Amino acid sequence: MTDQSTRGIEPQMSADDLYLEEIFTDRRVGTIQRLSPVDAAGRPDPRRPVLYVGQTQILTAAGALPLSFEITAGSLSEAAEKFGDAAKVGLQQTMERLEEMRREAASSIIVPEAGAAAGLGGGMGGMPGGGKIRLP
């Protein structure tokens, strides 16, 4: 078990929200994950819908970017037909999130703790420690 249990986080799996996972691939573009709902005994649960998730990689200057996206479909063949359009939407959403994260990182302002700059500046204090570099 990881460090999480020592921090009070206990991962719990819900027996009411289980899915059987199947992977399909064309071995060129990506994979489609079919998630079929099951009950706690592993029997099909017809009360919940089957989910489809597409997965592929986008090549960027920084390397391969894994991309995962939901596909709204009623069958595997429909999911395969909608794969490309869903991938484009997933890529657009990912690029928007990356841009938002870049903006947040660029706008971060580092504020020194109160009193941290007290010894800096042209006042009487100067830098503590008695360094030997002197400016003319």
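When you go through (1) in contact with a Phe, Trp or Tyr (Cβ under 7 Å, 6 or more places away or on another chain); (2) of a type outside the set (F, W, Y); (3) loosely packed, with under 14 Cβ neighbours inside 10 Å one by one for P66, which number turns out not to apply?
Unmet condition: (1).
Quick check, is A105 at pLDDT below 95 and part of a strand (DSSP E or B)?
Answer is no for this residue.
Give region 77-90 a look and list any residue that's more than 14 Å from G30 (Cα to Cα) and either touching a residue at least 12 places away in the same chain (Cβ under 8 Å) or touching a helix residue (DSSP H, G or I) at 6+ places or on another chain (Cβ under 8 Å) (or both), or say none.
Correct list: V89 only.
Within region 4-16, can one find any residue that is under 25 Å from R97 (Cβ atoms) and touching a residue at least 12 places away in the same chain (Cβ under 8 Å)?
Taking every residue of region 4-16 in turn, none turns out to be under 25 Å from R97 (Cβ atoms) and touching a residue at least 12 places away in the same chain (Cβ under 8 Å).
Using the structure shown, decide if V111 is β-branched (V, I, T) and either on the phi > 0 side of the Ramachandran plot or at pLDDT below 95 (or both).
Considered against the rule, which asks whether it is β-branched (V, I, T) and either on the phi > 0 side of the Ramachandran plot or at pLDDT below 95 (or both), V111 comes out as yes.
Any idea how many residues of region 5-41 are of a type outside the set (S, T, N, Q) and under 23 Å from A79 (Cβ atoms)?
Residues meeting the conditions: 18.
Here is a yes/no grid of residues against (1) at pLDDT 85 or above; (2) loosely packed, with under 10 Cβ neighbours inside 10 Å; (3) out of contact with any strand residue (DSSP E or B) (no Cβ under 7 Å at 6 or more places or on another chain); (4) part of a strand (DSSP E or B):
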position	(1), (2), (3), (4)
L20	yes, no, no, yes
R28	yes, yes, yes, no
G54	yes, no, no, yes
I58	yes, no, no, yes
E78	yes, no, yes, no
G84	yes, no, yes, no
G122	no, yes, yes, no
G131	no, yes, yes, no
P136	no, yes, yes, no
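Keeping to region 39-52, report how many residues are exposed (fewer than 15 other Cβ atoms within 10 Å of the Cβ) and within 13 Å of D17 (Cβ to Cβ).
Within region 39-52, residues that are exposed (fewer than 15 other Cβ atoms within 10 Å of the Cβ) and within 13 Å of D17 (Cβ to Cβ) number 4.
The values are calculated or read from the model by the stated rules, or taken from the named source; none is laboratory data. All values reported here derive from a predicted model rather than from experimental measurement. Glycine gets a Cβ as well: all are built from the backbone with ideal geometry, and neighbour counts include every protein chain shown.
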